[in-house]
Amino acid sequence: MFEVLKKLNETISLSSEEFEYAKTLFIPKKLRKKRFLLEDGDSCVYTSFVEKGLLRSFTIDDKGNEHILQFSMQGWWAADLYSFFTGETSDYNIEAMEDSELLLITKDSWDLLLKEIPAFERYFRILIQNNLIATQRRLMDTMSTTAEERYLKLLHDFPDISQRVPQHMIASYIGVTRETLSRLRSQLH
């Protein structure tokens, strides 16, 4: 473990001593497919780095419909940041879509990491800034593009997603029904 996390050196410069210290603050965890890292109503006590596998973050509305917010693949982070930073309960679920290997870090360890290794503060600033931009773009796309355009963008950005994620979850992610996605796929092929 820690092989993918080590690639942070592409974004920030860490000495081998800094990286070795950072490793001591993470908790390695294996999460089996269909197991939950976080469930609605619990507090998000970890932010998680995906070393291997695939997670999904989602909510379930009052009618029982799932709304997928994010797929977190190798090299991505997964958490409910609001719950993580405030300690309040989460409205989200985070579930493993595949057997996954994660690196978990608590809020106290995260704060210590930022204090002891300033390069991580820069890294997380860049990460959160990029997340904000991606979230704003996704929101605008949801309001201003067609379902076909959203589907094609998803396939462009994540070419193997349709092999790793069931179609009903892709439909949820792009904000359409299964039937609509099925029609789209038929029209495109």
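The values are calculated or read from the model by the stated rules, or taken from the named source; none is laboratory data. On a predicted model such as this, the values are computed, not experimentally measured, just so you know. No Cβ is skipped: glycine too gets one built from the backbone with ideal geometry, and neighbour counts run over all protein chains shown.
Residues in the range 124-179 that are among the aromatic types (Phe, Trp, Tyr), in contact (Cβ under 8 Å) with a residue 24 or more places away in the chain and touching a Phe, Trp or Tyr at 6+ places or on another chain (Cβ under 9 Å): 158, 173.
Would you confirm whether or not the range 48-55 contains a residue that is of a type in the set (Lys, Arg), free of Cβ contacts under 8 Å to residues at least 12 places away in the same chain and under 26 Å from residue 167 (Cβ atoms)?
The answer is no; no qualifying residue exists.
Just one of the listed residues (62, 42, 80) is touching a Cys at 6+ places or on another chain (Cβ under 8 Å) and not aromatic (Phe, Trp, Tyr), and it is 80.
Scanning the range 141-187 for residues that are on the phi > 0 side of the Ramachandran plot and of a type in the set (Asp, Glu) yields a total of 0.
Take the residues in the range 92-133 that are among the β-branched types (Val, Ile, Thr) and farther than 30 Å from residue 64 by Cβ; name whichever of them is surrounded by the fewest Cβ atoms within 10 Å (Cβ to Cβ). If we take residues in the range 92-133 being among the β-branched types (Val, Ile, Thr) and farther than 30 Å from residue 64 by Cβ, then 133 is surrounded by the fewest Cβ atoms within 10 Å (Cβ to Cβ). For the range 52-97, the tally of residues that are outside any strand (DSSP E or B), among the acidic types (Asp, Glu) and farther than 27 Å from residue 24 by Cβ stands at 4. Of note, residue 66 does not satisfy the criterion of being modelled with pLDDT of 95 or more, of a type in the set (Asp, Glu) and closer than 25 Å to residue 170 by Cα. If I ask for residues that are surrounded by 15 or more Cβ atoms within 10 Å (Cβ to Cβ) and either over 24 Å from the mean Cα position of the chain (by Cα) or assigned to a loop (DSSP other than H, G, I, E, B) (or both), which ones from the range 9-31 would you list? Within the range 9-31, 12, 14, 18, 21, 26 qualify.
Does the range 76-87 include one or more residues that are of a type outside the set (D, E, K, R) and within 17 Å of residue 161 (Cβ to Cβ)? Yes, some residue in the range 76-87 is of a type outside the set (D, E, K, R) and within 17 Å of residue 161 (Cβ to Cβ).
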